[in-house]
Amino acid sequence: MQKEAIRLTGITKTFGSVVANRNVHLEVRRGEILALLGENGSGKTTLMNMLSGIYRPDSGSIEINGVPVVIQSPEDSKRLGIGMIHQHFKLVEVMSAADNILLGSNQEKKILSASRFEKVKAFCEEIGMEVDPKKKIYDMAVSEKQTVEIIKVLYQGADILILDEPTAVLTPQETERLFDILRKMREKGAAIIIITHKLNEVMAVSDRVTILRKGESVATVETAKTTIKELTELMVGHAVSLSIDRPDNDHTGTLLNVHHLSVCDEHGVERLKDVSFDLNSGEILGVAGVAGSGQKELCEAIAGLLPIHKGAILFKKENIEGKSPREIIKIGIGMSFIPEDRLGMGLAASLSITDNMILKNYHRSKGPLVNRKKAAKQAQSVVERYQVSTPSIHTAVRKLSGGNVQKVLLGREIDAAPSVLITAYAVRGLDIHSSYMIYDEINKQKQNGVGVLFVGEDLDVMLELCDRVLVLCHGEITGIVDAKTTTKETLGLLMTGAEGEAKA
Amino acid sequence: MKKRESIIHISKRPPLSNWKMATYYGLAILCAVLISSLFVILTGTDIVKFYQFVIDGSFKSDLSMRGLVRNILPLLITSLGVAVAFKMKFWNIGAEGQLIMGAVGATFVAFTFPNLPHGLLILLMALAGILAGGIWGLLVAFFNCKFGTNETLLTLMLNYVALYIVQWLRDGPWRDPAAKGFQKIPSLPKNAWLDQVGGIDITWIIALGLVVLLFVYFKYTKQGYEISVVGDSKGTAHYAGMNVNGIVMRTVFISAAICGLAGMLHVSGDATTHQLTMGVANGVGFTAIIVAWLAKLNPFGVLVVSFFFGLLEKSSGAIESGLHLSKAFTDVYQGIILFVILGFDFFIRYRVSLRLGSKKKNKELKGEAEQ
């Protein structure tokens, strides 16, 4: 019988009065891919952070290769052969792939030796992965960066790999390639833990699945003997329906015309080039694209946060160029942009939920004082309607878990009853249960005649939820397609810049 | 590889209730006094006599009480001033200069219109103090908003500019001809002196008023709300449709204006000299930074903390003259007290636990978790 690479027994970790992990059991064998599944705030990240030496458990034991260990620092973790691939890459942008790979390893005495490119190349061949050692990181696509990140931890001698939501930034094709790499490593006897929210990926790549719910490990099942439905129920704790509605409605009329729009970022680099599209009343228009293809700039331009370089944006036939963000909010364009760190824009983290409710309309009440009574009522209703788990409406937003932060933001935007709702990454990192609730809310808005611009990551969801999908690549539109008749593969091709053959 | 776990384990505490917090701070003060007393005893000073001077120095007579209050007031007002900017995470460490400029502005009005009706003159002086201090801060805010210059450096450097402006005035335009060779600025005309209420100039009423006003301003007004949002994230403020640069400039102006007002009140109210000197600020602008932070930027907290600072300062003076001790001695004494209280702050926010015989403890914890 083979020894487990990792065995966690009875791990408990608390932060103040919050229990993040309670009596968690988990094991990963060599030559196995284990998927770690759980809703937001179920303690996945905390658990993995204990393996990578960032936190230490209050109680319980960690065994690596059958030996009990204490991991006190990321250094310890590295020495034990554990490599963590974070969602946000930890690479030096201005350095070459080879330099980044060698950087973290301790055995190199002379990092800048001329033979370093050869060395990295030889290593890559040995493990069967491909990367150009001389290429600079800033020249790389996201998937290439990820490959470098993986090679880096392998070079450091890791044979236990932890990947935290690795597919969030990849196209379907890139995801498939990543899975090939993981399968190859599995054959070589590595132990792999993959954290993901996407159940079809779990089914595609993993051997076993461990499910966390509310900080406890509720079950471990073999992937071959389970179904998506069963996994969901284990995760949520009760049965859920897994279909997204696409209700029809008879709203007509165009709300937003974007006309040959070009936008530059603060460094003067053109991030959107000649973008034109319409958004209709009662429609959900999806915006797909690899991360950083201009989605953020598009949202910001419509919300009046970035100046329009060329072209025009018309809202109900009225040009909004030159209007201040406050005026744009007033005419009924609401934006909820969920940035990668979830807090950067839209919420003030150190303020309470109540105070965040009035962020955009506090100035409308009469007199010099803020009206918090109304805000408290609104906070209460958002907390109830979206099932935000929080000790009170006076809790600082910073203290909520990521998913709850998102619910507060979206709840406020929807509550403001805009005629155009821009949501970017509305379900980023959200668990199934909360995601479906948000799809429902967005559908309700659609039926009320709101035009929704839905910037998203999960193509499966976009094809089910949206009416049309607009694809961005390097700031240009490569296609606007009918979601009912398009396949994921087509979207994937458009995202990488292939010519758009279908225009709706 | 087997390794021993480290013994000390630091983790964040859940937030404490207000009463518990007050108890802890009380305990901190007690500890600070005990430890600093140890220092006094170790240096061979008579501890009974020492504390007699501490108490007598501030509370014995009307005169010493008045001295104490006079010590507290500039610090209190200036701390309130810097707290406004700090709330917005704007690091205004130029209170010293803003206070000086406020004093300069007030003195200018007093010298230029000495014969105006008394009430009008005082009002004009206050206005000049507010404007002069406020503009001294606004300069920095303007460059910060327009060109992204570092406000810490700029406010700090302007302190020296303000100080040398006073020197120039003293040696040049405002030099007192009556003082013969001695270089000084003449005292303000009597018409420009602040009125007294309850044996002390009206500064104390203004200061207490400011405490309440700022408490309300921070907590209940739209402007106070804007300050918190901008302080939290400028990006979010921009997204919410706020005019971020306008808010920054307005807030810094208010912060600096309060410091300027402190300067005006100081030259016009200080019963001993009524005079603009190089030492008009005397480090108050810097001490105010510590006071504001110790008080967690709460106006009522500022009131309490500046009381203790004033007491410490006043007592130190009494000890120095009464026991013939050097300033270095009282500096160390003050240092110990501050250090202990700041140290306590850490223990109030974090829990430090020792892990002796960690295995046994682990088992206990596990038991708890399973219950």
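The values are calculated or read from the model by the stated rules, or taken from the named source; none is laboratory data. Computed from a predicted structure; not experimentally measured. Every residue, glycine among them, receives a Cβ derived from its backbone with ideal geometry; neighbour counts consider all protein chains shown.
Values for this structure:
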read-out: Residue in the stretch A:26-46 that is nearest to A:V70 (Cα to Cα), counting only those that are at pLDDT below 90 and not in a strand (DSSP E or B); value: A:T46
read-out: Within the stretch A:1-25, tally of residues that are crowded, with 20+ Cβ neighbours inside 10 Å and under 23 Å from A:R186 (Cβ atoms); value: 3
read-out: Qualifying positions in the stretch A:43-65 - touching a helix residue (DSSP H, G or I) at 6+ places or on another chain (Cβ under 8 Å) and in contact (Cβ under 8 Å) with a residue 60 or more places away in the chain; value: A:L51, A:S52
read-out: Residue that is farthest from the chain's Cα centre (by Cα), among those in the stretch A:26-36 that are surrounded by 20 or more Cβ atoms within 10 Å (Cβ to Cβ) and more than 17 Å from A:V218 (Cβ to Cβ); value: A:V28
read-out: Long-range neighbours under 6 Å by Cβ, at least six apart or interchain, first residue surrounded by 13 or more Cβ atoms within 10 Å (Cβ to Cβ) within the stretch A:237-253, second modelled with pLDDT of 80 or more and part of a loop (DSSP other than H, G, I, E, B); value: A:N249/A:G282; A:H251/A:S281; A:H251/A:G282; A:H251/A:G449
read-out: Selection status of A:V205, among the β-branched types (V, I, T) and surrounded by 17 or more Cβ atoms within 10 Å (Cβ to Cβ); value: yes
read-out: Residue match in the stretch B:125-133 (condition: in a helix (DSSP H, G or I), in contact with a Cys (Cβ under 7 Å, 6 or more places away or on another chain) and under 22 Å from B:F215 (Cα atoms)); value: yes
read-out: Pair list, Cβ < 8 Å and 6+ apart or interchain, from the stretch A:286-314 residues that are touching a residue at least 24 places away in the same chain (Cβ under 8 Å) and under 18 Å from A:T496 (Cα atoms) to residues that are surrounded by 23 or more Cβ atoms within 10 Å (Cβ to Cβ) and among the polar types (S, T, N, Q); value: A:V287/A:Q295; A:G289/A:Q295; A:V290/A:T171
read-out: Enumeration of residues in the stretch A:349-393 that are over 15 Å from B:D232 (Cβ atoms), of a type in the set (S, T, N, Q) and part of a loop (DSSP other than H, G, I, E, B); value: A:N361, A:S365, A:N371, A:Q387, A:S389, A:T390, A:S392
read-out: Selection count where residues are basic (K, R) and in contact with a Lys or Arg (Cβ under 9 Å, 6 or more places away or on another chain), scope the stretch B:133-170; value: 1
read-out: Considering residues of the stretch A:151-173 that are assigned to a helix (DSSP H, G or I) and in contact with a helix residue (DSSP H, G or I) (Cβ under 7 Å, 6 or more places away or on another chain) only, the residue farthest from A:K488 (Cα to Cα); value: A:Y155
read-out: Search result, residues across the stretch B:62-94 that are over 19 Å from B:V291 (Cα atoms) and either in contact (Cβ under 8 Å) with a residue 40 or more places away in the chain or surrounded by 20 or more Cβ atoms within 10 Å (Cβ to Cβ) (or both); value: B:D62, B:S64, B:R66, B:G67
read-out: Verdict on B:D195 being more than 14 Å from every other protein chain (Cβ to nearest Cβ) and touching an Asp or Glu at 6+ places or on another chain (Cβ under 9 Å); value: yes
read-out: Meets criteria (in a loop (DSSP other than H, G, I, E, B) and either within 22 Å of the chain's Cα centre (by Cα) or closer than 23 Å to B:R250 by Cβ (or both)) for B:T149; value: yes
read-out: So A:L51, is it surrounded by 18 or more Cβ atoms within 10 Å (Cβ to Cβ) and either closer than 30 Å to A:Q387 by Cα or within 10 Å of chain B (Cβ to nearest Cβ) (or both); value: no
read-out: Residue in the stretch A:332-341 that is surrounded by 18 or more Cβ atoms within 10 Å (Cβ to Cβ), facing another protein chain (nearest Cβ under 9 Å) and among the β-branched types (V, I, T) present; value: no
read-out: Only listed residue being more than 20 Å from B:G102 (Cα to Cα) and at pLDDT 90 or above, chosen from B:V230, B:V211; value: B:V230
read-out: Filter result (small (G, A, S) and outside any loop (DSSP other than H, G, I, E, B)) within the stretch A:287-315; value: A:A288, A:A301, A:G311, A:A312
read-out: Single match in B:M249, B:M278 (criterion: farther than 16 Å from B:A126 by Cβ, touching a residue at least 60 places away in the same chain (Cβ under 8 Å) and not in a loop (DSSP other than H, G, I, E, B)); value: B:M249
read-out: Residues of the stretch A:170-189 that turn out to be buried (at least 16 other Cβ atoms within 10 Å of the Cβ) and at pLDDT 90 or above, as a count; value: 3
read-out: Any hit, the stretch B:48-61, residues being surrounded by 13 or more Cβ atoms within 10 Å (Cβ to Cβ), within 30 Å of A:T14 (Cα to Cα) and either modelled with pLDDT of 95 or more or of a type in the set (G, A, S) (or both); value: no
read-out: Test: residue in the stretch B:216-239 that is in a helix (DSSP H, G or I) and away from chain A (no Cβ under 14 Å); value: no
read-out: A:E39 vs. criteria within 25 Å of the chain's Cα centre (by Cα), more than 13 Å from A:S59 (Cβ to Cβ), of a type in the set (D, E, K, R) and away from every other protein chain (no Cβ under 14 Å); value: yes
read-out: Residues (over 24 Å from the mean Cα position of the chain (by Cα) and either under 30 Å from A:P166 (Cβ atoms) or crowded, with 18+ Cβ neighbours inside 10 Å (or both)) located in the stretch A:284-322; value: A:G304, A:I308, A:G311, A:I313, A:F315, A:I320
read-out: Number of the condition not met by B:F182 [criteria: (1) hydrophobic (A, V, I, L, M, F, W, C); (2) within 10 Å of another protein chain (Cβ to nearest Cβ); (3) not in a helix (DSSP H, G or I)]; value: (2)
read-out: Number of positions in the stretch A:54-96 that are within 11 Å of chain B (Cβ to nearest Cβ) and either crowded, with 20+ Cβ neighbours inside 10 Å or not in a loop (DSSP other than H, G, I, E, B) (or both); value: 13
read-out: Single condition A:K273 does not satisfy, out of (1) more than 9 Å from chain B (Cβ to nearest Cβ); (2) in contact with a Cys (Cβ under 9 Å, 6 or more places away or on another chain); (3) buried (at least 17 other Cβ atoms within 10 Å of the Cβ); value: (2)
read-out: Count of the stretch B:180-218 residues which are farther than 29 Å from B:R170 by Cα and not hydrophobic (A, V, I, L, M, F, W, C); value: 4
